[in-house]
Amino acid sequence: MTIEIPGYRPGTYVIDPAHSEVGFTVRHMMISKVKGAFHVIEGTIVAPENPLEAKVTAKADVASINTKDEGRDQHLRSADFFDAENHPTIEFVSTGVREQDGEFLVDGDLTIKGITKPVTFTVEFGGFGVDPWGNYKAGATGSTKIDREEFGLTWNAALETGGVLVGKDVTITIDLQGALQA
């Protein structure tokens, strides 16, 4: 099955780190949510004639984590959480693309802290366009939910009022923009 996407051009798109980000949201103290982000350092989208045969790779820099609280960010970089010294990147490699009920789903392997698990991102295409310098660009946003403990991110603290400091479920959102290579 081949699908039509307006503006779609086959080729290899190199992800632009200045216009891409990996964001996350997690429950804090069971009463609110904390958001943070990592810088995307590299990636590609290989787009063949049939978009459902596309391949995506992306890599984010763990040390770049930013939750707007430097103390928390230092703790997240430590061995209690991401262990940035021994696991400097978070990586995603797609294993398939499919269309289901009008949505695009990208299946793949997510590696965090040296642990690889299958995930599925629900993807929204932002579209295609030419920048002022003549570069053909593509943009997309994908989101998924993971259990952080399955990736070895198990640190937590019990609260006096019951419950825990950090929730297990984490929503990950990847915003990517790539440039078609000549």
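The numbers here are math on the coordinates, done by the rules we state, and not lab data. Just so you know, these numbers come straight off a predicted model, no measurement behind them. Don't worry about glycine lacking a Cβ; one is built from the backbone with ideal geometry, like all the others, and counts go over all protein chains shown.
Would you count, across the chain, every pair of lysines whose alpha carbons are under 23 angstrom apart, provided the pair is eight or more residues apart or spans two chains?
Pairs that pass both the separation and distance tests number 28.
Using a simple charge model, +1 on the beta-carbon of Lys and Arg, -1 on the beta-carbon of Asp and Glu, nothing else, what dipole does segment 11-180 show about its Cα centre, in debye to the nearest 20?
Values: 15 positive and 26 negative charges, 57 e Å.
That gives a dipole near 280 debye.
Calculate, in nm to one decimal, what THR95 and ILE41 gain on full extension: separation in residues at 0.36 nm each, minus their alpha carbon distance.
Length difference between fully extended and current span is 17.4 nm.
Tell me, what is a quarter of the convex hull surface for the C-alpha atoms of the chain, in nm² with one decimal?
11.7 nm²
Where is the GNM fluctuation largest for the chain (alpha-carbon springs, 10 angstrom cutoff): GLY36, GLY162, GLY114?
In the Gaussian network model the winner is GLY162.
Can you give the local net charge around GLY43? Use residues other than it whose beta-carbon is closer than 11 angstrom to its beta-carbon, Lys and Arg +1, Asp and Glu -1.
Values: positive: LYS55, LYS59; negative: ASP16, GLU42, GLU91.
Surrounding charge for GLY43 is -1.
Can you tell me the FRET efficiency between GLU53 and ASP147 if r is taken as the Cβ-Cβ distance and R0 is 30 Å, rounded to the nearest 0.05?
0.50
Under the rule of -39500 (n - 2.57) per DSSP H run of 4 or more residues, summed and divided by the residues of the chain, what mean residue ellipticity at 222 nm is obtained, to the nearest 500 deg cm²/dmol?
Mean residue ellipticity, 222 nm, calculated: -1000 deg cm²/dmol.
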